[in-house]
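What follows is a single structure, written as structure tokens, with notes after it.
The values are calculated or read from the model by the stated rules, or taken from the named source; none is laboratory data. Here the structure is a predicted model, which means the values were calculated and not measured. Note: ideal-geometry Cβ built from the backbone for every residue, glycine included; neighbour counts use all protein chains shown. Surface accessibility is based on the protein's heavy atoms, side chains included, excluding ligands, DNA and RNA. Shrake-Rupley method; radii C 1.70, N 1.55, O 1.52, S 1.80 Å.
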Amino acid sequence: MERKHGFFSALKDEVVRGLSPGRSRRGWSQSPSGSGLLRRSRGSGLGPPDMFIARSGSLRPGVETLSPLREGPDPNESDSGDSRSDRWAHWLCRAPSVSTAGPSYSRSDLRLLLGVLGAPLAPVHVSNNEPLPHLCIKDTPIETSSAQYILQQYLAASGGQKLQNSIQNAYAMGKVKMLASDIETATKVIKSRNSAKAAESGGFVLWQMNPDMWYVELALGGSKVHAGCNGNLVWRHTPWLGAHAAKGPVRPLRRALQGLDPRTTANMFANARCTGEKKINGEDCFILKLCADPHTLKARSEGPAEIIRHVLFGYFSQKTGLLVHLEDSHLTRIQSNGGDAVYWETTINSFLDDYKPVEGVMIAHSGRSVVTLFRFGETAMSHTKTRMEEAWTIEEAAFNVPGLSIDCFIPPAELRFGSISETCELPQEDRVKNAVAAAAAAAYRAKVAALGRSHDCDVNNIVVKMNM
């Protein structure tokens with residue numbers, strides 16, 4: 001019989017036969033078929049222990065599409081050795097691979113692209129276990145009740161709240177293209193050396209599971225960024241910082257809000273206010289505004305780097321009810337040791353397109369983001385503005401994938417539990433100033449602690465002499 005529905009259709013057929021992909025996970029390093037699928041060890045630092053890398057889908061420079069992957073294990077492979085359920089588990093957790101070469105991007109450009117666009121987080125903590133507030137008009141400001149009504153329409157347009165509540169996990173895989181387009185200073189504009197045709201191409205995979213667990217892996221230009229959350233801790237792994245915990249409370253991944261997770265999006269805007277209307281690409285939209293609370297901002301700040309505000313705007317179509325535009329902006333103040341304060345404003349504008357139903361849920365299958373980094377503060381003529389772009393398409397998406405377990409969201413074994421602020425991704429000069437000020441503050445605290453211990457020791461000696 002001809003196979004028409006691809007990998008997940010075949011996967012469900014195998015599950016019906018009792019071959020659940022989560023039933024057995026053995027620690028072999030390469031598949032018997034030699035297909036180049038390598039399992040990551042628990043201490044490798046490259047993501048959750050039960051995720052796998054497909055080498056056959058390497059990202060080649062100058063080619064926009066990813067190399068095709070075989071849809072499932074080799075059907076001609078013998079059943080000796082590992083069971084067929086092992087092989088389905090092996091294919092279930094495939095992830096994008098990394099090429100060893102790419103276009104002529106410098107390491108600093110690539111680091112900035114991956115640091116800012118790789119795995120940004122939403123402004124505040126939300127949980128899918130918390131129900132949306134009931135629509136109430138009495139004793140409720142019109143801005144709040146209007147926002148609640150818009151979210152009810154959004155959930156209905158996305159497939160309905162009953163269907164959303166039945167989703168326990170989700171999967172999406174897609175392609176991305178990123179470009180650092182230009183840098184503007186007070187006296188000149190430096191255009192990118194790379195044309196749009198030479199933009200970095202890559203891929204990403206995203207897994208989500210209730211409650212509040214997610215994992216994303218993005219490969220671009222020979223580098224790979226991993227990030228995840230086990231429900232209690234958000235962590236990231238980059239080639240330049242290694243594995244580290246993120247500052248602040250547990251928050252959703254912003255990429256999931258870009259038309260991939262309607263329920264989390266609705267919960268994110270549950271306490272938002274409707275601030276008006278605006279046309280987006282010729283389409284009338286309602287605007288919902290959400291501001292991060294002071295407690296969250298303080299928890300995300302560290303040392304001389306203080307996050308002053310983080311605001312998220314959602315633009316919902318009046319015609320379809322769907323989210324078509326997402327804008328968030330956060331402002332960070334960095335007080336260098338003995339110098340003037342420097343401010344960084346990061347703005348991300350995402351446009352969501354090509355909504356299609358996946359198992360009854362409306363998912364945005366393409367979109368683009370424009371990021372602006374604006375630095376100002378020291379002098380009137382010292383500002384800089386960097387502009388970056390990203391375009392993405394969704395190749396596969398599925399819900400309630402059999403065999404996905406909490407083991408896929410375990411943080412790396414070498415994770416440093418000393419969390420790192422998001423300001424670590426700022427360009428080098430401000431990171432150096434930040435590090436110097438933080439080191440000076442740490443040295444001062446150590447000196448005070450040492451003096452305190454010395455004082456306690458002197459007091460104890462006096463007490464001993466008096467007792468004698």
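Name the pairs: first residue in the range 342-356 and more than 11 Å from GLY367 (Cβ to Cβ) and free of Cβ contacts under 8 Å to residues at least 40 places away in the same chain, second residue of a type in the set (D, E, K, R) and part of a strand (DSSP E or B), Cβ to Cβ under 7 Å, at least 6 apart or on different chains?
Partner pairs satisfying both residue conditions: TYR343/ARG333.
Please specify each residue of the range 257-273 satisfying the condition of being touching a strand residue (DSSP E or B) at 6+ places or on another chain (Cβ under 6 Å) and open to solvent by 20 Å² or more (accessible area, probe 1.4 Å).
ARG273
Would you confirm whether any residue within the range 116-124 is of a type in the set (Val, Ile, Thr), open to solvent by less than 70 Å² (accessible area, probe 1.4 Å) and in a loop (DSSP other than H, G, I, E, B)?
Checked the range 116-124: at least one residue is of a type in the set (Val, Ile, Thr), open to solvent by less than 70 Å² (accessible area, probe 1.4 Å) and in a loop (DSSP other than H, G, I, E, B).
So, of the residues in the range 309-334 that are in contact with a helix residue (DSSP H, G or I) (Cβ under 7 Å, 6 or more places away or on another chain) and within 15 Å of GLY377 (Cβ to Cβ), which turns out to be surrounded by the most Cβ atoms within 10 Å (Cβ to Cβ)?
THR332
List pairs: first residue in the range 209-220 and closer than 14 Å to ARG254 by Cα, second residue in a strand (DSSP E or B) and open to solvent by 10 Å² or more (accessible area, probe 1.4 Å) anywhere in the structure, Cβ distance under 6 angstrom, at least six positions apart or on different chains.
Final answer for the pair search is MET213/ASN230; TRP214/GLN208.
Please return the ranges of strands (runs of 3 or more DSSP E) entirely within the range 205-307 where 1 or more residues are among the polar types (S, T, N, Q), out of contact with any Pro (no Cβ under 8 Å at 6 or more places or on another chain) and more than 30 Å from GLY160 (Cβ to Cβ).
Numbers: elements: 213-220, 223-230, 234-238, 242-246, 273-280, 283-291.
Strands (runs of 3 or more DSSP E) meeting the threshold: 234-238.
Out of the residues in the range 167-189 that are closer than 30 Å to ARG263 by Cα and open to solvent by 60 Å² or more (accessible area, probe 1.4 Å), which is modelled with the highest pLDDT?
Once the filter is applied, the top-ranked residue is GLN168.
Just name the residue that is farthest from GLY118 (Cα to Cα) out of those in the range 374-401 that are hydrophobic (A, V, I, L, M, F, W, C) and under 18 Å from the mean Cα position of the chain (by Cα).
ALA397
When residues of the range 335-347 are filtered for being buried (at least 20 other Cβ atoms within 10 Å of the Cβ) and touching a Ser or Thr at 6+ places or on another chain (Cβ under 6 Å), how many remain?
1
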